[in-house]
Amino acid sequence: MPEKQYDHNQIELKWSERWANAPLFQAEENSSKPKFYVLEMLPYPSGTLHIGHIRNYTIGDALARYKRMRGFNVLHPMGWDAFGLPAENAAIANNRDPYEWTRYNIENMKRQHRRMGFSYDWSREVTTCDPEYYRWNQWFFLKMLERGLAYRKNALVNWCTECGTVLANEQVVDGCCWRHESTPVEQRAIEQWFLRITDYADELLAGIKDLEDGWPERVLLMQRNWIGRSEGAEIDFHLEGSGKPIRVFTTRVDTIYGATCVILAPEHPLVAELVSGEAKVQVKQMIDSRAAKGPGDIEKEGLFTGSYAVNPFSGEKLPVWIGNFVLMGYGTGAIMAVPAHDQRDFEFCKQYNIAIRPVVRPVDGALAELVTMKEAFGDDGVVEHSGSYSGLSSAEARRVMTAKAEAENFGKAAVTFRIKDWGISRQRYWGTPIPVIYCPKCGMVPVPESDLPVVLPLKVPIGGKGRSPLENVPEFVNIACPKCGEPARRETDTMDTFVDSSWYFYRYCDPHNSSAPFDSKKIAYWFPIDQYIGGVEHAILHLIYSRFWTKMMRDLGLISNSEPAKRLFTQGMVIKDGAKMSKSKGNVVSADEMIERFGADTGRVFELFATSPEREMDWTDAGANGAYGFISRVYRFVTRNFGQGGSEPTAADKKALRKLHQTLRQITDDFEGRWHFNTSIAALMGLMNVLTDLEKDLSAPAIAEILEKLTLMLEPFAPYLAEELWEEQGREGPVFGHAWPEYDPELAREEEAEVVIQVNGKLRGRINVAFGTPRETLEKLVLGDTKVRPLLDGKQVVKVIVVQDKLVNIVVK
RNA sequence: GCCCGGGUGGCGAAAUCGGCAGACGCAAAGGACUUAAAAUCCUUUUUCCGGCAACGGGAGUGUGGGUUCAAGUCCCACCCCGGGCACCA
């Protein structure tokens, strides 16, 4: 056949039209095949896909296609994280309805997904702003409300003035909003809905162990730190006079004889009782200045209350201070300061001339000398100057002292977590309405299950900040109380959109169920997700909420798995010409632009080839050109060689088939192992180099085998090209319906082993020998080699190291 | 400050178990084809020294040390870059 020129648009448009409305890639419902659930994080429908999204989906799609060819029943779905602020902001900026805006974006992005050739089962598409989806958010909320897992309280919350709404702790980055990196988060006291994720803190932490094989270590580490479990004790210091207890949390009871003051957080409830007049103003200033500065660069500031509290162990009177570095939100909001053994306390006490008293010495050293002390000694050691506890190890002292506090009822062992309950109220429009009603008579009343969904009204005027736009929709707000029938008001806050994404992947298993979020039997078949793929930026937001939601649903009896995903892969970011892509820099490469210039196949191949999937990838047009060159070389090679060659086997056949099977082995190993698809593509390029050298001398049967297997190998990476070449060869399609070819280890093996000769570790030559040549023979061969002998002249051979089939190293003196 | 990653040609990178450093690609230079250009194909391309040349020799994976017959790979110390956490008691 004559060689054809590669035209990406012609080929790709032809196949996308043929595929357009065909029910392809649908997961089977009752299959005898083993299942495989591969999932990429669903996108926010911002309007257009760019090459960063495409990397994520390309990795997942390669895997999905490979697994199908390997005989798995593959579930590979896609959906839309369609609630959220940008829709609302676009509504304000462009006077467009959030619903219309979102719908339009989804249609456009779906078109781009299809054009990229991603093999999704579109019959399972999930859109989170669809009432048939978010009604189940509301349903879960009611279940949690019943069980006390959802509750309302007035709390200090993170407020972003730019978003005009509350943020969860997870959404605060460096003291600023995660969306508005230069907008400091304010603290405001507001009535809020919370989900009791802290009930699961211990389990979320313990469950990390089961994820160690399949999740990246750093994600698990970030989650561990975020949960922040610490074991210690709570101890009461009683105020002199009133006798009121000040409860402190400490991980180091063993240092309690070294405590020299008690410090309260400025927001601590006792502060109001202990200070008055001028001092009250100072405390207020302390709170405000901390809020204004944000974390990191705060100088320690303190104020003596004039009161004293009694150390329950030593009986000593300690001054009670207020300190800006003590956090109301952690532990009990009060600490005992042990300056000799805690660096923060050390700094504070130095600053205010409070006593410093070392009571723990290193196991093999002496107690610190006050005069030379430059910093606190924070390690465990041996306790001294501590009454009857002196001489005990820190660990032993903690145990005994905690027991005493418990026995005498002035304290107890305690565990504190850094993670807080998940605040889900948002004073915004474009989200799931929280299904509760406030009745003047009955108080807070949950919306009855039968009244779900509480539908978010459309065509709502948006604008103004600080109150939910729903407040301005009387037909939404005003409602009869479901209990007493009297006029009542609906909750106007909506849910954090991380609620939507906490369980969407369950809905994919049963997307059209109208009587339940899903059928448990279907979940039992598909779950856990075999491979989840997404960006590392979700390590503690989405991925911790999802784990919580899974455990909550398990406890509702809906599912039996405790973790959502067996394996997680976090792909690296895509940058452009060495810089992060951003709208302001104008260097965002859209999918459409990329497809027009290079085609979907080239885009996919280049994104995989440039580097390994977990690393940051730099998109350059020059690099994409290289991938384009490869795709066209393959196309031309196949079209000009199809049907060529004589009937007799040739020497070239052997070489070409060996390379073919070596390539197949490489790619199979990459899929089964490290996912280093950059080496898969490199191997395919290497194969093409060998084939173009040998093509004139190949026989017809060899060409047929090569073209067939080459096409099958291309399928996960360049599906359009593979399909086109399959058709060119007159084979029955589609390619993705065929089995992945097995490599033949015999054919893949090199004929001879090349053995490297070293003298004192330096490369001096190489010889070819039969595989498995005995060590003794090798040694003799090498020592007799004409190149080697002169190098040994006048030297003494000390040792000869032989690594069979690989290397001989002669050590001489 | 603490905890993770990472540092290899002009560039993106490879080297999976301690055994030939730089596969594969980009860019560059030279050549073929062409009236010319594009496209395509061929050759060279870590660096220094010697040679007209095939070739030979030395150095080389952030820096310094160590283990080993052998180190990009293992150990110790340090430097730089990226990310996470950061008054969490």
task = Take the stretch A:755-792 and flag every residue that is in a helix (DSSP H, G or I) and of a type in the set (A, V, I, L, M).
result = A:Leu778, A:Leu781, A:Val782, A:Leu783, A:Leu791, A:Leu792
remark   = Those residues of the stretch A:311-331 that are more than 7 Å from RNA strand B (Cβ to nearest atom) and buried (at least 18 other Cβ atoms within 10 Å of the Cβ) come to a total of 9
ask   = Considering the stretch A:181-205 alone, what residues qualify as being free of Cβ contacts under 8 Å to residues at least 24 places away in the same chain and either surrounded by 13 or more Cβ atoms within 10 Å (Cβ to Cβ) or aromatic (Phe, Trp, Tyr) (or both)?
value = A:Thr183
request  = Return a yes/no flag: does the stretch A:629-642 have any residue that is more than 14 Å from RNA strand B (Cβ to nearest atom), out of contact with any His (no Cβ under 8 Å at 6 or more places or on another chain), among the hydrophobic types (A, V, I, L, M, F, W, C) and under 30 Å from A:Leu24 (Cα atoms).
outcome  = yes
ask   = Which number in (1) surrounded by 20 or more Cβ atoms within 10 Å (Cβ to Cβ); (2) over 22 Å from the mean Cα position of the chain (by Cα) marks the one condition that A:Pro77 misses?
value = (2)
key: Any hit, the stretch A:779-800, residues being within 24 Å of A:Arg749 (Cα to Cα), of a type outside the set (A, V, I, L, M) and in contact (Cβ under 8 Å) with a residue 24 or more places away in the chain   = yes
remark   = Residue hits (the stretch A:445-460; under 18 Å from A:Tyr429 (Cα atoms) and either assigned to a strand (DSSP E or B) or of a type in the set (Val, Ile, Thr) (or both)) are A:Val454, A:Val455, A:Val460
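Condition check ((1) at pLDDT 95 or above; (2) under 23 Å from A:Phe140 (Cβ atoms); (3) in contact with a strand residue (DSSP E or B) (Cβ under 7 Å, 6 or more places away or on another chain); (4) acidic (Asp, Glu)) across all residues:
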| residue | (1), (2), (3), (4) |
| --- | --- |
| A:Ser520 | yes, yes, no, no |
| A:Gln531 | yes, no, yes, no |
| A:Gly535 | no, no, yes, no |
| A:Ser546 | yes, yes, no, no |
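Matching residues to (1) out of contact with any strand residue (DSSP E or B) (no Cβ under 9 Å at 6 or more places or on another chain); (2) modelled with pLDDT under 95:
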{"residue": "A:Ser16", "(1), (2)": "yes, yes"}
{"residue": "A:Leu24", "(1), (2)": "yes, yes"}
{"residue": "A:Ile51", "(1), (2)": "no, yes"}
{"residue": "A:Arg65", "(1), (2)": "no, no"}
{"residue": "A:Asn73", "(1), (2)": "no, no"}
{"residue": "A:Pro77", "(1), (2)": "no, no"}
{"residue": "A:Gly84", "(1), (2)": "yes, yes"}
request  = Scan the stretch A:611-641 residue by residue and report those that are assigned to a loop (DSSP other than H, G, I, E, B) and surrounded by fewer than 20 Cβ atoms within 10 Å (Cβ to Cβ).
outcome  = A:Thr611, A:Ser612, A:Glu614, A:Arg615, A:Glu616, A:Thr620
key: Subset of the stretch A:590-623 [more than 16 Å from A:Phe677 (Cα to Cα) and among the aliphatic types (A, V, I, L, M)]   = A:Ala591, A:Met594, A:Ile595, A:Ala600, A:Ala622
Number of the condition not met by A:Gln187 [criteria: (1) in contact with a Leu (Cβ under 7 Å, 6 or more places away or on another chain); (2) of a type in the set (S, T, N, Q); (3) not in a strand (DSSP E or B)] = (3)
query = Among the candidates A:Gly761, A:Gly765, which residue alone is of a type outside the set (S, T, N, Q), touching a strand residue (DSSP E or B) at 6+ places or on another chain (Cβ under 9 Å) and in contact (Cβ under 8 Å) with a residue 24 or more places away in the chain?
reply = A:Gly761
Checklist (1) at pLDDT 85 or above; (2) within 50 Å of the chain's Cα centre (by Cα); (3) within 11 Å of RNA strand B (Cβ to nearest atom) applied to A:Val798, failing item = (2)
inquiry  = Is it the case, given these coordinates, that A:Ile227 is more than 30 Å from A:Ala87 (Cβ to Cβ), in contact with a helix residue (DSSP H, G or I) (Cβ under 6 Å, 6 or more places away or on another chain) and touching a residue at least 12 places away in the same chain (Cβ under 8 Å)?
reply    = yes
ask   = What about A:Val803, is it in contact (Cβ under 8 Å) with a residue 12 or more places away in the chain, within 14 Å of RNA strand B (Cβ to nearest atom) and not assigned by TED's automatic domain parsing to the domain that holds A:Leu608?
value = no
ask   = Restricting the search to the stretch A:191-209, which residues are more than 16 Å from RNA strand B (Cβ to nearest atom) and in contact with a Phe, Trp or Tyr (Cβ under 8 Å, 6 or more places away or on another chain)?
value = A:Trp193, A:Phe194, A:Leu195, A:Arg196, A:Tyr200
query = Which condition does A:Gln729 not pass, out of (1) free of Cβ contacts under 8 Å to residues at least 12 places away in the same chain; (2) more than 10 Å from RNA strand B (Cβ to nearest atom); (3) of a type outside the set (Gly, Ala, Ser), if it passes all the others?
reply = (1)
task = Return the residue satisfying two criteria in turn: it lies in the stretch A:676-703 and is of a type in the set (A, V, I, L, M, F, W, C) and in contact with a Gly (Cβ under 8 Å, 6 or more places away or on another chain), and of such residues it is farthest from RNA strand B (Cβ to nearest atom).
result = A:Ala700
ask   = Taking into account only those residues within the stretch A:400-444 that are within 16 Å of RNA strand B (Cβ to nearest atom) and part of a loop (DSSP other than H, G, I, E, B), which is farthest from A:Arg224 (Cα to Cα)?
value = A:Asp421
inquiry  = When you scan the stretch A:263-275, do you find a residue that is in contact with a helix residue (DSSP H, G or I) (Cβ under 9 Å, 6 or more places away or on another chain), within 24 Å of A:Ser394 (Cα to Cα), buried (at least 16 other Cβ atoms within 10 Å of the Cβ) and not aromatic (Phe, Trp, Tyr), even just one?
reply    = yes
inquiry  = Of everything in the stretch A:113-134, what is of a type in the set (Gly, Ala, Ser) and touching a helix residue (DSSP H, G or I) at 6+ places or on another chain (Cβ under 6 Å)? Give them in sequence order.
reply    = A:Gly117, A:Ser119
ask   = With A:Gly148, A:Gly164 as the choices, which residue is at positive phi and modelled with pLDDT of 95 or more?
value = A:Gly148
ask   = For the stretch A:726-742, does any single residue satisfy the condition of being hydrophobic (A, V, I, L, M, F, W, C) and part of a strand (DSSP E or B)?
value = no
ask   = How many residues are touching a residue at least 60 places away in the same chain (Cβ under 8 Å), in a helix (DSSP H, G or I) and small (Gly, Ala, Ser) when one looks only at the stretch A:87-125?
value = 3
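The values are calculated or read from the model by the stated rules, or taken from the named source; none is laboratory data. None of the values given here were measured: they were computed from a predicted structure. Neighbour counts are summed over all protein chains in view; Cβ atoms, including those assigned to glycine, are modelled from backbone coordinates with ideal geometry.
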